[in-house]
């Protein structure tokens, strides 16, 4: 009987030990750990969620382990939806248009870009940029959100075009380096540092996190603070550095370039001009073509070259021009 009693007591002790190991214990917050938590004056986290449409599914991507004030990365971010962010550079090759004279476009933060023909290359050629009513900016200093679409150009076949849904302009002539992030101010202010004052979302990715500020000292004297507190925020190219302080450890984004959302103003649009060897092209930049002559080119000599309803330059299709081209 005594052995049975000891056996029951031992079984109870073992069961209790197993329950403790399975359930785990919650560590108590000491005064030291509480001191590591920045005290916030205001933290309108809903502003970030509304601006970026964040969902609850998390993605783990860390360069440095942050303390307890860090937010859980949120994904998928709206920046990873169907449209992508591209850099572009003019094609200066001298060959027949539209085989040459267009643009080379490249998706940021990704090694390959999907071209209009379905192939994946380091960068893709497109015969034109379809501004789609968006503000036209200096392509060499632009960051463009949109899609590379298939578009045929007669006997030349599908050369593709980049259809723009957002246009962003760099604030300086600096060459961007590092990854590209969209950054918005969270409205959070702390009495210690580092403080997670900004929220960043990596372009063409689902990764996002809070960061302890953006270092803009090496970019430009332009004050981008008002834009950073707006709904669009700013786009920053740069790299992270670790920062430490009484509030623990965090990440700061050191900028190499900053982009602001372009707004529609007449001053930002280049005038439309007749270009090409026979003035058969209407564009806002010089286009190099071969010097062959076709009868329809005579129609364009008397046509009006101006900006059309979609924001692109083109010959206004009047009855006179249509009748001439129909001959």
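The values are calculated or read from the model by the stated rules, or taken from the named source; none is laboratory data. As the structure is a computational prediction, the values presented were derived from the model and not from experiment. Glycine also receives a Cβ, built like all others from the backbone with ideal geometry; neighbour counts cover every protein chain displayed.
Numbers below:
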read-out	value
Top-ranked residue of the range 200-215 - restricted to ones that are assigned to a strand (DSSP E or B) and within 9 Å of the chain's Cα centre (by Cα), ranked as surrounded by the fewest Cβ atoms within 10 Å (Cβ to Cβ)	202
Options 107, 141: the member that is at pLDDT below 95, under 17 Å from the mean Cα position of the chain (by Cα) and not assigned by TED's automatic domain parsing to the domain that holds residue 208	141
Cβ-Cβ under 6 Å pairs, at least 6 apart or on other chains, the range 286-299 side closer than 15 Å to residue 274 by Cβ, far side loosely packed, with under 14 Cβ neighbours inside 10 Å	288/94
Count of the range 123-144 residues which are assigned to a strand (DSSP E or B) and crowded, with 22+ Cβ neighbours inside 10 Å	5
Within the range 268-317, tally of residues that are part of a loop (DSSP other than H, G, I, E, B) and within 30 Å of residue 165 (Cβ to Cβ)	21
